[in-house]
Amino acid sequence: MKITRISVFQKNLPLKDPYWLSGGRLKFEVLDATFIKIETDSEIVGWGEGTPWGHTYVPAHGPGIRAGIETMASSLLGLDPRKIELVERAMDTCLPGHLYAKQPVDLACWDILGKAAELPIADLLGGMRNSGTPAASSVSSGEPEYMMDIINRYRSMGYVAHSAKVGGSDTDKDIERIRHLESQRRDGEIILYDVNRAWTRREASIVMNAVAEFGVTFEQPSETLDDIAQIRRVTTSPISVDESLVTLQDATRIARDGIADVFGIKLNRVGGLTKARRMRDVAMAHGIQLFIMATGGSVMADTEAAHLAQSIPEEFIRACWSCQDMLTIDIAPGSGPRCVDGFITIDDTPGLAVTPDESLLGDPVAVYQS
Ligand code: MG
């Protein structure tokens, strides 16, 4: 089987509500999504999506994905997309770094491999767990009552996991937010406090020690792994790392040095499933739990994450994410798993099992063919 044509689509995905990260530091209203369709000399077609969470969140942006695909296209045409790691090496050779541009290509190849093998991607990743994965809500930062209202809205949809954004320079306000949400947390409910790198070491130490009694997990409290390693020494609260978990070398360092207790794997950030599954294995070998998510995007991006999540045993998986619930448009009506009663569940459909309605994507912005 050979890749014969690569079509690239751009689509704006508006958010239902404007979104603030870390005490108003970053605001988003629309996501710039790239969809990729890989055709082969067989009947099989694969789909992928890469959607950064705005342009200001991590070093990734929509136009960069499309430029990266343009640069890599001639090295991809003619390859067998089922040979996932040969495709990975070809991309890494012709364009070092730029992992976020590679993830949609990688996903489309996994989709093709699954369809060819007549197995869902979760089975190709080692074997699908029989239960669905809890989806975490994403709770925009704000006044404590405002954040509680968002959690209550998600609770009414069945959600049991929430990622609440904290991390302003007002440490008293962050302590107030956490105490307020924890006072109303229900039994069995998970609230992860996501700082999105916003705290200095001093601020992290103040807030995390002030609420240590709750034993709650803090995600990405500061900018770098060096910062987080230092915070680890002066606090007892569990720590998750996502934005600083980019390469397999980051994963092994975090595991060996005991920097974090949870890996938050963002598939667009790390370059796709091929690289993420190695991080999954490092985590499980070291007693580290996992939170698997897209960086953002439609049902397609959510489903990619849900496949990897459902290849992870229950005792290691924390949650995945349903970004699609935050969007005003659906590019694949009737296709792919949806968040039902707070869980996303993969079935036996081969491949990714999401096919977009091409009429909703518009004309391709680029086509590369042999
Ligand atoms: Mg995070």
### Task
For region 280-325 and region 125-198, compute the distance between their C-alpha centroids and round to whole Å.
17
### Burial order of peptide ranges 67-80, 314-327 (average beta-carbon count within 10 Å, highest first)
314-327, 67-80
### Message
If amide hydrogens are placed 1.01 Å from N in the peptide plane, which non-local residues have theirs closer than 5 Å to the one on residue 41?
### Response
2, 4
### Message
Could you work out [θ]222 nm for the chain from helices alone, using -39500 (n - 2.57) per DSSP H run of at least four and dividing by all its residues? Round to the nearest 500 deg cm²/dmol.
### Response
-11000 deg cm²/dmol
### Message
What are the ³J(HN,Hα) couplings of region 111-128, residue after residue, when phi is run through the Karplus curve with 6.51, -1.76, 1.60 and θ = phi - 60°? Round to Hz, x for glycine and proline.
### Response
4, 5, 4, x, 5, 5, 8, 6, 9, x, 4, 4, 6, 5, 7, x, x, 8
### Task
Specify, per residue and in Å³, the volume enclosed by the convex hull of the alpha carbon atoms belonging to the chain.
118
### Query
Label points 7 Å out from Cα along the Cβ direction at residue 358 and residue 185: separation in nm?
4.8
#### Entry: region 123-344 - share of DSSP beta bridges that are antiparallel (%, nearest 5)
10
#### Entry: By average C-beta atoms within 10 angstrom, highest first, the peptides 215-223, 44-52, 243-251
44-52, 215-223, 243-251
### Message
Can you give me the orientation-averaged projected area of the convex hull built on the Cα atoms of region 230-370, in nm²?
### Response
11.2
### Message
Of 63, 313, 229, which is farthest towards the positive pole of the chain's charge dipole, taken about the Cα centre with +1 and -1 on the beta-carbons of Lys, Arg and Asp, Glu respectively?
### Response
229
### Most to least packed among 265-274, 28-37, 10-19 [average Cβ atoms within 10 Å]
265-274, 28-37, 10-19
## Note on the structure
Both in Å, the radius of gyration and Dmax of the C-alpha trace of region 123-344 are 16.6, 49
### Query
Within the chain, what percent of beta bridges assigned by DSSP are antiparallel, to the nearest 5?
55
#### Entry: Using a Förster distance of 22 Å, the FRET efficiency for residue 338-residue 130 (Cβ separation, nearest 0.05)
0.75
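Values quoted throughout were computed directly from the atomic coordinates according to the rules given, and no laboratory measurement underlies them. For clarity, every value in this text was computed on a predicted model and none was experimentally measured. Note that each Cβ is placed from the backbone with ideal geometry, even for glycine, and that neighbours are counted across all protein chains shown.
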